[in-house]
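Working notes, structure below.
The values are calculated or read from the model by the stated rules, or taken from the named source; none is laboratory data. Because the structure is predicted, anything quoted here is derived from the model rather than measured. Positions of Cβ are backbone-derived with ideal geometry, glycine not excepted, and every protein chain shown enters the neighbour counts.
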Amino acid sequence: MNFKGYLFLVCATSLVAFGQTVSNNEKPIINPNTVDGVLAHVNGKPVMQTDIYQFIPAHRKNIIDNNLMPNATQLEIDERCLFLSLEDAINNQLILDAYYGNTELSIPQKAFDQRINEIIERKFNGDKSKLMAELVKNRITYQEWKKTIEDSIVISAMVAGNVVQNIHISNGDIYSEYEKNKSKYTIKATAHLGMLQAENKDVYTNVVAKLEAKEDFSDIIKELKLFGDTQEPAGSIGWVKIDEDLTAIFAEPAAALKVGEISAPIEVQGKYYFIKKFDEKAGKEKTFAEVRNEIEAVIFAREVERLKAEWIKRLRSEAAIEYHIAIGYHIEKR
């Protein structure tokens, strides 16, 4: 095995998890215009429905968690997930073609076998019969599963060789990022707050009278059996970042309080709330040394995405890609 082949082998560390392949219960969204389960052809090779299943859940979760399509219907979200998953599968096939079409690159079979044995050992306590039972349950043959693992090793190695090894981050790059984004790298100010809730006007009047008489916040909670955590001091809701953890109606009065002060009553839907600031800690800017590794990881991830996109774009420009599925989103070659 030549040096390049060895480099690709040792870089193959990021692998597709077994569960994504054989234990995925996600029901795929397939358009009825699909021809015989073939969604696309890449350099004459078919991309099948089964090739996109593993990508759908992650895309759906990303869209929902980050509210990327706030006004979309469920069908539009499903179609978008299908589109993105199909693009992922096409990109993977392009990477596989680039590997198998290069006679200088070679990962020895023993590397594939070793990875398969590691998965059987970790997931099934070394019992291959348990793996086979899981494959039967999911209607996957051993050869299909084995090929999925081998493909994941190849794809990871190719990404490492064509993307990762081309990333060079200097200390100057990291410091420049720090200077430009200091506000991101701060320890937020926090406050230890207490809150009590008066359920009606009579209780509210009683609370106000007691607060004006400077009676203890905790004693009021106990005497009137008001809303309040059982933590000490009574009514504590713990340490919070006022501008992040509280809604605006509570954040503004809480921010204005000094330690030991109690807010004016805050009326929300007929109920009255009072906030007390037990203690506070000022925010501070993190030093470069404290966040250097964190910033380097951010730059690295960004560079991986950028260089991988450029690499995939080159592979696409040299490939013959045919789509056999009609979906609501316009498909563009990248």
On the given criteria, is residue 121 part of a helix (DSSP H, G or I) and within 26 Å of the chain's Cα centre (by Cα)? no
Within segment 76-87, take every residue that is free of Cβ contacts under 8 Å to residues at least 60 places away in the same chain and either of a type outside the set (Gly, Ala, Ser) or not assigned by TED's automatic domain parsing to the domain that holds residue 51 (or both) and give me the one that is surrounded by the fewest Cβ atoms within 10 Å (Cβ to Cβ). 77
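Residues checked against (1) within 26 Å of residue 316 (Cα to Cα); (2) at pLDDT below 55; (3) of a type in the set (D, E, K, R):
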| residue | (1), (2), (3) |
| --- | --- |
| 26 | no, yes, yes |
| 42 | yes, no, no |
| 46 | yes, no, no |
| 54 | yes, no, no |
| 61 | no, no, yes |
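Kindly indicate whether any position in segment 188-199 is over 17 Å from residue 276 (Cα atoms) and modelled with pLDDT under 90. It would help to see each step written out before you state the result.
Of all residues in segment 188-199, those over 17 Å from residue 276 (Cα atoms) come to 188, 199.
From the residues that got through so far, the ones that are modelled with pLDDT under 90 too are 188, 199.
Taking every residue of segment 188-199 in turn, at least one turns out to be over 17 Å from residue 276 (Cα atoms) and modelled with pLDDT under 90.
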Scan segment 241-258 for residues that are within 21 Å of residue 186 (Cβ to Cβ) and in contact with a Lys or Arg (Cβ under 8 Å, 6 or more places away or on another chain) and jot them down. 241, 243, 244, 254
Scan (1) assigned to a helix (DSSP H, G or I); (2) at pLDDT 75 or above; (3) surrounded by 14 or more Cβ atoms within 10 Å (Cβ to Cβ) for the single condition residue 218 breaks and write down its number. (2)
Per the filter on segment 185-202, residues over 15 Å from residue 254 (Cβ atoms), of a type outside the set (Ser, Thr, Tyr) and surrounded by fewer than 18 Cβ atoms within 10 Å (Cβ to Cβ) are 187, 199, 200, 201, 202
Out of segment 79-106, which residues are farther than 18 Å from residue 312 by Cα and of a type in the set (Gly, Ala, Ser)? 106
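Based on this model, can you work out whether residue 90 counts as surrounded by fewer than 18 Cβ atoms within 10 Å (Cβ to Cβ) and under 27 Å from the mean Cα position of the chain (by Cα)?
Details: surrounded by fewer than 18 Cβ atoms within 10 Å (Cβ to Cβ): no; under 27 Å from the mean Cα position of the chain (by Cα): yes.
Taking the combined requirement at face value, the residue does not satisfy it.
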Scan segment 98-112 and give yes if some residue there is free of Cβ contacts under 8 Å to residues at least 60 places away in the same chain and of a type in the set (Asp, Glu), otherwise no. no
Of the residues in segment 239-293, those that are modelled with pLDDT of 90 or more, among the charged types (D, E, K, R) and part of a helix (DSSP H, G or I) number 3
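When only residues in segment 142-184 that are of a type in the set (Phe, Trp, Tyr) and assigned by TED's automatic domain parsing to the domain that holds residue 120 count, which is surrounded by the fewest Cβ atoms within 10 Å (Cβ to Cβ)? Before you say what the answer is, go through the steps one by one.
We begin by selecting, within segment 142-184, every residue of a type in the set (Phe, Trp, Tyr); these are 142, 145, 175, 178.
Filter once more, keeping what is assigned by TED's automatic domain parsing to the domain that holds residue 120: 142, 145.
Numbers: 142: 13, 145: 20.
Looking at residues that are of a type in the set (Phe, Trp, Tyr) and assigned by TED's automatic domain parsing to the domain that holds residue 120, I get 142.
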Name the residue, out of 148, 73, that is touching a residue at least 24 places away in the same chain (Cβ under 8 Å) and β-branched (Val, Ile, Thr). 148
Any chance segment 66-73 includes a residue that's at pLDDT below 85 and surrounded by 13 or more Cβ atoms within 10 Å (Cβ to Cβ)? no
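Among the residues of segment 305-329, which ones are part of a helix (DSSP H, G or I) and crowded, with 16+ Cβ neighbours inside 10 Å?
Within segment 305-329, the subset part of a helix (DSSP H, G or I) is 305-317.
Selection gives 307, 308, 311, 312, 315, 316.
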Which ones in segment 164-201 are out of contact with any strand residue (DSSP E or B) (no Cβ under 8 Å at 6 or more places or on another chain) and of a type in the set (A, V, I, L, M)? 164, 167, 169, 174
Within segment 185-221, residues farther than 24 Å from residue 242 by Cβ and polar (S, T, N, Q) come out as 200, 205, 206
